[in-house]
Amino acid sequence: MAKEGAQRAEETEQMIEKEGGREAAEGSAAGSLRTGDTKEMRAVVLSAFGGLNKLRVSRKAMPEPQEGELKIRVKACGLNFIDLMVRQGNIDNPPKTPLVPGFECSGIVEALGDSVKGFEIGDRVMAFVNYNAWAEVVCTPVEFVYKIPDDMSFSEAAAFPMNFVTAYMMLFEVANLREGMSVLVHSAGGGVGQAVAQLCSTVPNVTVFGTASSFKHEAIKDSVTHLFDRNADYVQEVKRISTDGVDIVLDCLCGENTGKGLSLLKPLGTYILYGSSNMVTGETKSFFSFAKSWWQVEKVNPIKLYEENKVIAGFSLLNLLFKQNRGGLIKGVMDKLLNLYNNKKIKPVVDSLWALEEVKEAMQRIHDRGNIGKLILDVEKAPTPLMANDSTETSEAGEEEEDHEGDNENKERMPFIQ
């Protein structure tokens, strides 16, 4: 018995020593990451398509730049409606999971790949990224990177590319906005909506009609000419003010709004679809909601377009960049936009800053239509403790959500609005 007791004591001491060594190693690894370890980084990881519980902040291998790429130490990331669509897998040909979401960021150039010209280590930049933006470090081709003006903050820079390029391309490249025209924009309080309003103000005598949630009206009333509640009969309201309708309709809602938008167009007017938020009504993908919205879409008759002299178009900035190789075109647009910024004609509207660990709450704010302008993930921001506990990969609350994920389809949710 004494011999067995001695063996157990020896085994216990070995286990304690082993666990102590493991904890010390883990503590050392965590400390090295805090002091700028070049091999690992924090990143938001989408483990599978679905609800908010599919997002976690994890440690990943840090990328290194390939030929023609820049390595950027990220300071801030933009959060867009398309990111919620990606989370649900509610996009055409979604990538495989796990993945790091995010399509735009700002930060400091940390390394240059071979053949990169025009940038130096230490440059302040903003960039488009084909996924992987929501991380401490990203690598992206040099054609998608732009220098930040001296007086632009990192959070403003992360709010700039997607919203302003989308707004500019639709207004000036697709619809050919000119003096005296009129524009109807939905979700006028969102990032794109506010960019549209500012760009319209750079052209003389442009009338802007906007729809937005009523609680946003006081904050954005000076940015549009006529503002309507998103639940009101905006078609009749617009026609009451302008009998002939409008020259340009910018629609991020889709569904029944497609037919309404086309009905409001003047002859030679242009309707542009650039989103489909009405097809997403809950936290997770709902085929019923998608089908319902799809059947509400006006069936476009080409002969009717011909007879009424109307134009219908679509716009996807990410497809233009990453699938259709129009980086050079976007570079020219960014040059024009930065010139407008430097001349104080436009300025990104930042709604709020969130830590990476608070990404779920940030997405929920968009879900609830709470934002005015752009939501930003601030990589260096310390998370609120209660939020951080629910967004890290060790979260017990997240596991509880996993068990009830099927209930999400039955929850009544407000529609997503950009």
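The values are calculated or read from the model by the stated rules, or taken from the named source; none is laboratory data. Given the structure is predicted, the values throughout are model-derived calculations rather than measurements. We place every Cβ from the backbone using ideal geometry, glycine too, and count neighbours over all the protein chains shown. Only protein heavy atoms, including side chains, enter the accessible area calculation; ligands, DNA and RNA are left aside. Shrake-Rupley method; radii C 1.70, N 1.55, O 1.52, S 1.80 Å.
Miscellaneous remarks
- Between S115 and D222, the simple spin-label model (points 7 angstrom out along Cα→Cβ) gives 5.0 nm.
- Rel. contact order, % - alpha carbon contacts under 8 angstrom, at least six apart, the stretch 163-348: 20
- A simple count of charges around G193, restricted to other residues whose Cβ falls under 15 Å of its Cβ and scoring Lys, Arg +1 and Asp, Glu -1, yields +2.
- Within the assembled protein chains, the solvent-accessible surface assigned to F172 is about 50 Å², based on a 1.4 Å probe.
- Dipole-positive endmost among Y234, P267, L171 within the stretch 163-348 (Cβ charges, Cα centre): L171
- Pair E307, E380: separation of 7 Å Cα→Cβ label points (nm): 6.2
- The residues of the stretch 163-348 present an accessible area of 46 Å² per residue when probed at 1.4 Å with all protein chains retained.
- Within the shell defined by Cβ-Cβ distances under 13 Å, the residues around P63 carry a net charge of -1, with Lys and Arg each +1 and Asp and Glu each -1.
- Table column - 3J(HN,Hα) (Hz), the stretch 163-178, Karplus curve with 6.51, -1.76, 1.60, x for Gly and Pro: 5, 6, 5, 4, 4, 5, 4, 5, 5, 9, 8, 9, 9, 6, 4, 9
- With K and R counted +1 and D and E -1, the other residues having a Cβ less than 14 Å from that of N309 yield a net charge of -1.
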